[in-house]
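Chemist: Let me begin by handing over the structure; questions about it come next.
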Amino acid sequence: MLSAKAVSFTLFALILILPFSAAFSQEVSTMDTTDENISSIPIKSIRSLRVPASEAIHLDGKLVEDTWQQTPIATDFVQRVPNDGMPATERTEARVIYTEEAIYVGARAYDSAMDSVAATLFRKDGTAYSDWFYVIIDSYNDNRTGFSFAVNPKGVRKDILLYDDNNEDIRWDAVWEAATSIDEDGWTVEMRIPLSQLRFSPTQNGEETEWGINFQRRVARNEEISFWSPTPQTESGFVSRFGQLEGIRELESPRRLEVNPYVSSNLTRTPGESSNPFYNQNDLGGSIGADIKYGLTSDLTLTATINPDFGQVEADPAVINLSAYETYFDEQRPFFLEGNEIFQFGRTRTYNTFGNPLTFYSRRIGRAPQGSLDSYNSYQNESLYNPDDVDDLYTNLPDQTTIAAAAKVSGKTRSGWSVGLLNAFTTRESSPYQIEANGPDGDFTVEPTTNYLVARTKKDINGGNSVFGGFFSAANRDVSNTYFEDFLHSSAYLAGVDFEHNWNDRDWVASGTFSASQVNGSAEAIEETQKSSARYFNRVDSDKLNLDPEKNSLNGFATEVSLQKRGGEHWRSSLTYSEVSPGYEVNDLGFENRADYRALAGGLIYVESAPSFMRYYEFWTFEMFAWNYDGNITGNYYNTGTFMRFKNLWTFNFNFNYTGKTYNDRLTRGGPIASRPKDWNFNFNIRSDQTKKVSYGIGGFYRNEFNSYEIDRRFWGFIEFRPTTYIQLEISPEFGWEIESDQYVTDVEDELATHTFGTRYVFSDLDLTYLSTSIRLDWTFTPDMSLQFYARPYINSGNFYNFKEFSTPREYEFDVYGEERGTITYSNEDEEYTVDPDGDGTAESFTFSERDYNFRSIQGNTVFRWEYRPGSTLFLVWQHDRSSDGSEDNFRFSRDFRNLFDSEPTNIFLVKLSYWFGS
């Protein structure tokens, strides 16, 4: 069956890919130079004007200086959206001046409907409804990298780093200035971009060089996007389609030294009273540190942080995780966000793939401590206390590990090498403890000293059409002679290579990656890794996986290769093969929920960018097969869907998915493999015209299994309201309820359970209901001063019932206790179930605790931000968190909403001031 599936899928993929290969060969022979072939349009160019720094532009947004009038103009913008290739509906003019210190960009955005100019005021880097003017500079001139600077009519700034030709890093942050002015003809903008914020090779002795450049205009009322140098939707590539900025000469590398020291103070107010001796209702703290940037050479920049403070960062949302897998949270800390794109490795850029593990997950650095008092006591042979005799244990665990220092070197050399090197050092963390109210006390370590290292290189050749690179990471912990030896690796290493080759005007791309991992530690730690949910070497019915309790290291590899057609007037496609060996482990510095698979995925997309009856639409179909190293089919997935944008600016998308017969080798968490019922699901989203003051949208998801009663239903929506040009409000509720028929509860060893290899695997039905609402309010006073409010009430309840035992390996069959197998009773006093698995037989009874829950929380975050001078900020932060657990096992909105406010809140108040020194 496996080989037949693989063969059929390969044939399916070839049917998708081969016609495009034929089309490619025909295109090469028939390519013409008419206006219809937009790729044949000559590269545009504009000449910049150099002036002495003493004659630099005074930023007022009015373009009145004589220097502007003497500067060549870039005009004749071309639409990308909605009418690809047509002239822009509004005229735009752009100019470039430079001194030995900065680049100046001036632009006039004419507008024939002045009363409709979208001049909204919001925080820097925001995404609210607005008109925009962008300049994007490829100062490397590598056709792959761009530094993007944007301004709206109110002077709100946005900066974005473009990399690998098409990708964006919206978290990149530069220090620059802009001013705007609105008049009867439209609006004008002046920008000053210090050369220290760009990366380029110096020019000497009158030598003249060229940079890539493009200008972009966005007119919000009709969602029009136009460019000076065309970037058609029908063709792949973005930076590679820029025009040329001529006249750059005699530029030395700037000093590029930036120091941003900070000082912060915080007060944490916790609720009520507590018997914990370490409890402090008012905990006052403070911190001091600095961020530093220094240009090591004209190509390489050192970025460092000493004792970083991330108190202004929004807290992670509350979740209930009933699975065996770790929850993924996005990185939000500025130091690790900025420039993170250079460290991306291990995944090809495909439309759809099974997905290799994430090789670098920066949230591992400064993570929550992993130690516990119980583990420490067990390592001490229970010399501190006997767990059976102790009711109360008191600790004061830190929320995160302290990052003493972190530094990264990044840049791109003139020979085409991109380099990234990051090193971070976290200190040993400890916590006090006390046993009972008046018992023994002391301190114990909760996280060992650790050093993290990540290195990345990439080399561009063939005009940026081909790239090859390498990757290395290491995590080293000081765990010798500590209880951490039992479950943490002493070291973890990863090394890999990757490549990408583009051809046919970057419409086609072939890419691939290969990496190998090794983790080292004690036999106990490596055994824990072998038994983790990512691989389950202890799976009782596996022919290929075997648990080795004597191992002191674990090795594995991951690879992925892909062929894609990314450009073309209508048709796009992809074919991707992925493989991750069972021993591949990256969780010390990456993120991995699954190893032990091989997967083949393919897709076909039809795009119509200029239909007559709507603005845009596309249809797609994807197929994916995956199997583990035992040859069991674990993925058999089919998808089809569409996205449509209508002429009234509404959008609609729909997905239909079908999963065929597969096996679930994770259901029993190391036990025998089970069959997985076929299922189908669909989801949709509808969004109204975003140009209106009030816009809204709704969406939904429905899943149903064929051979069980398992159902999953979710609905969500949002409403956005702009009562003024400086206030934006968004409310986004989501409601879901599920009926699960295979929720894992526990497993119990029993030699009489021969049908499941000597262990009883206990499951239950689960009724799960949740409701959450995200509320965001942005109030902007000036482009540099804003107030942001965020709140998220969250209710989640689960009712576990019909406790049952997995009965037949390789099938989806369960015996319900009390009906088809044994007996089950519940004790209200002990809040636990007692199961006699064979009634009057000889099997021993076992117990497990009540699983029902009702969780309620409210999280809030209010941030006042004032950039009182370029790069220097004042933050005033209030974080609010309250949560409680109820005894109810069902969801009732009126009761649960009232109970949201039953618990006392924890409030954190923070003041943080930074001052930027630089040029």
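The values are calculated or read from the model by the stated rules, or taken from the named source; none is laboratory data. Keep in mind that what you see is a predicted model, and the values were worked out from it rather than measured. As a convention, Cβ positions derive from the backbone with ideal geometry for all residues, glycine included, and neighbour counts pool all protein chains shown. To get the accessible areas, we keep the full protein, side chains included, count just its heavy atoms, and leave off ligands, DNA and RNA. Shrake-Rupley method; radii C 1.70, N 1.55, O 1.52, S 1.80 Å.
Chemist: With all distinct Cα pairs included, what does the Kirkwood hydrodynamic radius of the range 349-476 come out to in Å, to one decimal, could you say?
Modeler: By the Kirkwood definition, the hydrodynamic radius is 18.4 Å.
Chemist: Then there's this: Between S849 and R414, what is the label-to-label distance in nm when each label sits 7 Å out along the Cα-to-Cβ direction?
Modeler: Inter-label distance under the simple model: 6.6 nm.
Chemist: Any idea what log10 I(q)/I(0) is at q = 0.17, 0.28, 0.33 Å⁻¹ for the range 733-773, Debye with uniform C-alpha scatterers and no solvent?
Modeler: Taken in order of the listed q values, log10 I(q)/I(0) reads -0.58, -0.88, -0.99.
Chemist: Follow-up. Kindly flag which residue pairs out of K124/K692; K678/K804; K62/K124; K124/K293; K647/K693; K458/K912 have an alpha-carbon separation exceeding 28 Å in this structure.
Modeler: Distance filter (> 28 Å) returns K458/K912.
Chemist: Using only the alpha-carbon atoms of the range 698-787, report the extent along each of the three principal axes, biggest first, to the nearest angstrom.
Modeler: Between the extreme Cα coordinates on each principal axis of the range 698-787 lie 73, 29, 15 Å.
Chemist: About the Cα centre, and with charges only on the beta carbon of Lys, Arg (+1) and Asp, Glu (-1), how big is the dipole of the range 45-160? Nearest 20 debye, please.
Modeler: Using only the charged Cβ atoms, the result is roughly 220 debye.
Chemist: I need the calculated FRET efficiency for the pair T75 and R714, taking r as the beta carbon distance and R₀ as 56 Å, to the nearest 0.05.
Modeler: In this case the efficiency is close to 0.70.
Chemist: Separate question: To check my understanding: the extent here is largest minus smallest coordinate of the Cα atoms along each principal axis. What are those three numbers for the range 558-645, in Å, largest first?
Modeler: Projected onto its principal axes, the Cα set of the range 558-645 covers 53, 29, 20 Å.
Chemist: Taking Cα atoms, how many degrees apart are the long axis of helix 2-30 and the longest axis of the chain, rounded to 10 and kept between 0 and 90?
Modeler: 0
Chemist: Bin width 10 Å, origin at 0, all Cα-Cα pairs of the range 423-575: what percent of pairs per bin?
Modeler: Reading upward from the zero bin: 9, 23, 24, 20, 15, 6, 2, 0.
Chemist: In 10 Å bins starting at 0, how do the alpha-carbon pair distances of the range 788-878 split up by percent?
Modeler: 13, 25, 18, 12, 11, 11, 8, 2
Chemist: Quick one: putting +1 on the C-beta of Lys and Arg, -1 on the C-beta of Asp and Glu, what dipole do you get for the range 185-332 around its Cα centre, in Debye to the nearest 20?
Modeler: 200
Chemist: Per residue of the chain, what 222 nm ellipticity follows from adding -39500 (n - 2.57) for every DSSP H run with n ≥ 4, rounded to the nearest 500?
Modeler: When only DSSP H runs of four or more count, the value is -2000 deg cm²/dmol.
Chemist: Between the range 489-567 and the range 833-886, how far is it from one alpha carbon centroid to the other, in angstrom?
Modeler: 32
Chemist: Another question, if that's okay. How large is log10 I(q)/I(0) at q = 0.06, 0.07, 0.08 Å⁻¹ when the Debye formula is applied to the Cα atoms of the chain, each weighted equally and without solvent?
Modeler: For the chain, the Cα-only Debye profile gives -0.49, -0.67, -0.89.
Chemist: Going 7 Å from the Cα of V263 in the Cα-to-Cβ direction, what parts of the range 887-919 have a backbone nitrogen less than 18 Å from that spot?
Modeler: 910-917
Chemist: Report D for the range 546-603 in µm² per second (integer): Stokes-Einstein, Kirkwood Rh on Cα pairs, 10 °C, 1.306 mPa s.
Modeler: Here the translational diffusion coefficient equals 114 µm²/s.
Chemist: Run the simple label-point estimate for V390 and S287 please: 7 Å along Cα→C-beta, distance reported in nm.
Modeler: Using points 7 Å along Cα→Cβ, the separation is 3.0 nm.
Chemist: Sticking to Cα atoms, compute the Rg of the range 595-673 to one decimal and its Dmax as the biggest Cα-Cα distance, whole number, in Å.
Modeler: Considering the range 595-673 through its Cα atoms, Rg and Dmax are 18.1, 57 Å.
Chemist: Distance from a point 7 Å along Cα→Cβ of I43 to each backbone N in the range 219-254: keep the residues under 18 Å and list them by number.
Modeler: Taking a point 7 Å out along Cα→Cβ of I43, the residues of the range 219-254 whose backbone N falls under 18 Å are 228-232, 236-249.
Chemist: Now for a different question. How compact and how long is the range 436-512, expressed as Rg and Dmax of its alpha-carbon atoms in Å?
Modeler: When restricted to Cα atoms, the range 436-512 yields Rg and Dmax of 22.8, 76 Å.
Chemist: Mean 1/r over all different Cα pairs, inverted: what Kirkwood radius does the range 452-491 give, in Å?
Modeler: Here the Kirkwood hydrodynamic radius works out to 12.9 Å.
Chemist: In what sequence, largest accessible area first, do H489, H58, H570, H501 appear using a 1.4 Å probe?
Modeler: In descending accessible area the options line up as H58, H501, H570, H489.
Chemist: Same structure, new question: Nearest 20 debye, what's the magnitude of the dipole of the chain about its Cα centre given +1 on Lys and Arg Cβ and -1 on Asp and Glu Cβ?
Modeler: That gives a dipole near 3860 debye.
Chemist: A follow-up question, please. Which whole-Hz ³J(HN,Hα) couplings does the range 528-544 yield from phi under the Karplus relation 6.51 cos²θ - 1.76 cosθ + 1.60, θ = phi - 60°, glycine and proline marked x?
Modeler: 4, 5, 5, 8, 5, 5, 6, 8, 6, 4, 8, 4, 5, 10, 8, 8, 9
Chemist: Under 16 Å between alpha carbons, and skipping anything fewer than 8 positions from K544 in its own chain: which lysines qualify?
Modeler: In chain and number order, the partners are K531.
Chemist: Summing Lys, Arg as +1 and Asp, Glu as -1, what charge do residues with Cβ under 14 Å from the Cβ of R676 carry, R676 excluded?
Modeler: -3
Chemist: May I ask you to compute the full-extension gain from E569 to F781, defined as 0.36 nm times their residue separation minus their alpha-carbon distance, rounded to one decimal in nm?
Modeler: This chain segment gains 71.8 nm when fully extended.
Chemist: Follow-up question, since we're still on this one. Quote to one decimal, in nm, the extra length available between Q332 and S274 on full extension: 0.36 nm per residue of separation minus the C-alpha distance between them.
Modeler: Length difference between fully extended and current span is 17.7 nm.
Chemist: What is the range 33-180 by shape, rounded, prolate or oblate, if you read a ≥ b ≥ c off the alpha carbon gyration tensor as root eigenvalues and call it rounded for a/c under 1.5, prolate for a/b larger than b/c, and oblate otherwise?
Modeler: rounded
Chemist: Tell me the Kirkwood radius of the range 703-859: reciprocal of the mean inverse pair distance over distinct alpha-carbon atoms, in Å.
Modeler: In the range 703-859 this quantity evaluates to 19.2 Å.
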